[in-house]
Every structure is written in C-alpha cells, then in structure tokens.
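Structure first, commentary second.
Bear in mind that the values in this text are calculations on the coordinates, not laboratory data. What you are looking at is a predicted structure, and each value in this text was computed from that prediction instead of being measured. We place every Cβ from the backbone using ideal geometry, glycine too, and count neighbours over all the protein chains shown.
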C-alpha cells in the first residue's frame, strides 16, 4: 500500500484531472440537471457521486473484461450512450417530455440519465482505459476522486444556481446546451457506428 501511494506524481495527477474534467464536463451537464429537476425529476448529488465513483473505478479495472462477457466493445457501448444523449437533447431543445416517470424508478433521474451517460459515459470510460497506459493508477484514482467531489458540489448547488439565474438565462442555457448535446450525440453515434461497421467488415 505504501509503495502504491509513493507513485503519486503531481504532473500525472494534474494531467489526469484535466483530461477527466474536460470529458466529464459537469458544467455542461448542469443545464440538463436543472431541466430534469424543473420537470419534477429527482437528482441526488450524493448518490450520483458515489455511483459515478464506483463505476469509474470498476470500469477502470474490469471494464473491458465485463463488456467482453457480453461480446461487446467500447464502440457499441458508446452508440447506446449516444442514443440516450440524443433523447435528452431533444427534450431540452423542443420542450417535450420523452423520459416518463415509472413506479420502479420512482421518478428518479439520478442514475439515468445523470450518472449514465452524462457523467460516467462511454467517453469518460474510454478515457480512463486510455490514460492507464500513461499514468500510474494512484494518480488516476486521485484525479477521479477530485472530479467526483466537483460533480457532487455542482449537483448539490444546482437548485441554488437556478434561483440566482433568471428564467430567460436558464432557457438560453437549456437551448444552447441542448443543441451542443445533439451535436455530441450525432458525433458519438456516427464515429462509433463507423468503427463497428469497419470491424464487422474486417471480420467477414
């Protein structure tokens, strides 16, 4: 354990933190969270943070093996995530309700769509697997923990932030980030679908 801690390196930690912060993009996720809460959906900051951290660590060590059990790859995972992001974006841009509450979920939007795919999605999972070849595990885990703390703070104070901002500003944020999410979902879908088709072509 002591040897593991001794691998701490500020440069590696900073690099991993910045990469993960950019890909998680909790600032860009806040308008989605505000929109969900305005529609009566429940988003728990503490549960979202704990689940996200568990998913990050779990996928970091067992992600490829887990997907392999179902004969899946990262590209297929990313396509599934892109479809959910697309639906969320359509809600934001067109002011329609596609995700309906159900008795099982109890109108809880904490896991889907907040944790997956917005916080712990295909992009962040792929990034985790990629940076393991560049940074030590201890520095990556610290970077993940630091990002999860920021996620918790952002989700915890999202309602207060909404009260500070005027309805007009929130509407602009919602529409703008909805269009950005649409663009991200299309890019994720097309790029990963191309990879899937290429892999199938090579296999045949």
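When the expected Rg is taken as 2.2 N^0.38 Å, what fraction or multiple of it is the alpha-carbon Rg of the stretch 59-204?
That ratio works out to 1.21.
Determine the shape class of the stretch 43-86: with a ≥ b ≥ c the square roots of the Cα gyration tensor eigenvalues, call it rounded for a/c under 1.5, and otherwise prolate if a/b is greater than b/c, oblate otherwise.
The shape class here is oblate.
Report, in whole Å, the centroid distance computed from the Cα atoms of the stretch 55-84 and the stretch 131-164.
Here the answer is 21 Å between Cα centres.
Go ahead and collect, in residue order, the members of the stretch 66-81 whose backbone nitrogen is under 18 Å from a label point 7 Å along the Cα-Cβ direction of residue 197.
Within reach of a label on residue 197: 75-80.
How much length, in nm to one decimal, is gained on full extension between residue 134 and residue 165, taken as 0.36 nm per residue of separation minus their Cα-Cα distance?
Here the answer is 7.1 nm.
Assign one of three labels to the stretch 157-204, namely rounded, prolate or oblate, based on the Cα gyration tensor with a ≥ b ≥ c the square roots of its eigenvalues; rounded applies when a/c is under 1.5, prolate when it is not and a/b is larger than b/c, and oblate otherwise.
prolate
Roughly what would the spin-label model give for residue 3 and residue 153, points 7 Å off Cα along C-beta, in nm?
3.6 nm
For 10, 90, 62, what's the fewest-to-most ordering of other Cβ within 10 Å of each Cβ? Walk me through the intermediate numbers first.
Details: 10 8, 90 16, 62 12.
Ordered by Cβ neighbours within 10 Å, fewest first: 10, 62, 90.
Relative contact order for the stretch 50-151: what percent, with Cα pairs under 8 Å and sequence separation of 6 or more?
42 percent
Can you give me the Kirkwood hydrodynamic radius for the stretch 4-67, using every pair of distinct Cα atoms, in Å to one decimal?
One over the average 1/r among Cα pairs gives 14.3 Å for the stretch 4-67.
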